[in-house]
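Worksheet for the structure shown next.
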Amino acid sequence: MNAPRLRTLPRSRPRTRPRRSRRGRAAVVAVPLGVAALLWLWYGTPYPAADPDRVAVRLKGEAQRAYDEAALPGRPGVGPVRVDTGTCYYRGLRSVAHIDQGRSDVRSFGLDWRVTGVAEDAAHSGQERTRARLEREGWTVVSTDERGFRYRLPGGEGADEDIVDVEWHHETGTYSVSVFTDCGKLPDGFDEYRWPEAEWDPRKAPSTPPAPRPATPR
């Protein structure tokens, strides 16, 4: 007598996750990229962070070196003066909503000194000493004219660049030096009016200024 055959049931296939289509994967990537692009258009390129104390030390060092190189007769007083801050504006499309409105959290920095009644020979000698030193350190010329010159050193702290401007005005014999740098985002709690590092007087400054920064090509 033949044994009864056992009836085998068909094996069930394991469930598999549906494959995500290429369009779906592209959409997942495209959405955050689109949001990032819109934010960039609205806010623009962000300003680099600024360390006001380090910027002040750097600018005062450049002002001091230019004062020493000028070697003006009698070493006339040009201070005390302060490192001042300048206005910086909104970037991107948001600037349209804030036309001519400066940002309170982003500022530029600058320091100026000047002496009147400087003879032409003394002025030109001082300018040439400063010009030669800037070129040795890798600064690049921005402009020159009969009054003087402007040089820049790109790639300082973050993405900033320092500028040194030295002029002599024939009409008044005024020898003037300006050093300044780009806009930077201020740290929380910074108070320009209670900022001890901003003060500078070349006759009270250390005899050896801070070492110059090397040029960093962009």
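Quick notes
- Wholly enclosed strands (runs of 3 or more DSSP E) of the stretch 118-189 bearing at least 1 residues open to solvent by less than 10 Å² (accessible area, probe 1.4 Å) and on the phi < 0 side of the Ramachandran plot: 148-154, 161-169, 174-185
- Considering the stretch 44-65, and only residues there that are surrounded by 15 or more Cβ atoms within 10 Å (Cβ to Cβ) and among the basic types (Lys, Arg), the residue that is nearest to the chain's Cα centre (by Cα) turns out to be ARG58.
- Within the stretch 66-84, one or more residues are open to solvent by less than 50 Å² (accessible area, probe 1.4 Å), in a strand (DSSP E or B) and either touching a strand residue (DSSP E or B) at 6+ places or on another chain (Cβ under 9 Å) or more than 16 Å from VAL164 (Cβ to Cβ) (or both).
- Any chance TRP139 is touching a residue at least 60 places away in the same chain (Cβ under 8 Å) and more than 17 Å from the chain's Cα centre (by Cα): no
- Boolean, ARG107 is over 23 Å from LYS204 (Cβ atoms), touching a residue at least 12 places away in the same chain (Cβ under 8 Å), open to solvent by 30 Å² or more (accessible area, probe 1.4 Å) and under 15 Å from the mean Cα position of the chain (by Cα): yes
- A single entry from ARG213, ARG203 fulfils the requirement of being open to solvent by less than 70 Å² (accessible area, probe 1.4 Å) and either at pLDDT 95 or above or not polar (S, T, N, Q) (or both): ARG213.
The values are calculated or read from the model by the stated rules, or taken from the named source; none is laboratory data. Remember, predicted model here, so these are calculated numbers, not experimental data. Positions of Cβ are generated from backbone atoms using ideal geometry, with glycine treated the same way; all protein chains shown enter the neighbour counts. To get the accessible areas, we keep the full protein, side chains included, count just its heavy atoms, and leave off ligands, DNA and RNA. Shrake-Rupley method; radii C 1.70, N 1.55, O 1.52, S 1.80 Å.
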